[in-house]
Amino acid sequence: MTAAATRAALAAAFAADTGVRASLGNPVRLMEPPARGALPAAVWRRWETRPAGASLAPSDEHTITLEVVTREAGVEAARAAIAALSAAAASMRPTPPDVHIVLVLPVYADVMRQADQRGWTGILRLKVIAEPI
């Protein structure tokens, strides 16, 4: 499976992006759930992996959900973080040693008010195709 190598490559690419650092701090606050500490932060929420080998090379299709959590009164911080993550994902070309990432594609983004009305949550869903090396 390519999930661990793909996750590490995406995290490194997000951490290197100046737009993501501007929105989520330096070092980038990209963490495991639950999000504790300084906000805004991005949290790995869901990671689905399924085989997608259509050629002779085996590959995996990953559907990844990132959640941006903020306690800001305005929606701008969540929108800026989602936009920065989406732009970074669309332009990234990660080259990890254990996997060949063929595609990183943002497929869905949304920003909504949290149920407690104290902050905003952003959702970014990515499609990633990765092949083991």
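Nearest 10 degrees is fine. How inclined is helix 76-91 to the longest principal axis of the chain, computing both from alpha carbons?
Approximately 10 degrees, to the nearest ten.
Between helix 3-16 and the chain, what is the angle of the helix's C-alpha long axis to the longest principal axis, kept within 0 to 90° and rounded to the nearest 10?
The answer is roughly 50 degrees.
For a Förster distance of 22 Å, can you work out the FRET efficiency between the beta-carbons of Asn26 and Thr65, rounded to the nearest 0.05?
0.40
What order do you get for Asp110, Asp17 when you list them from fewest to most C-beta neighbours inside 10 Å?
So the ranking, lowest neighbour count to highest, is Asp110, Asp17.
Values in this text are rule-based calculations from the coordinates and carry no lab data. Keep in mind that what you see is a predicted model, and the values were worked out from it rather than measured. Heads up, the Cβs are rebuilt from the backbone with ideal geometry, glycines too, and the neighbour counts pull from every protein chain shown.
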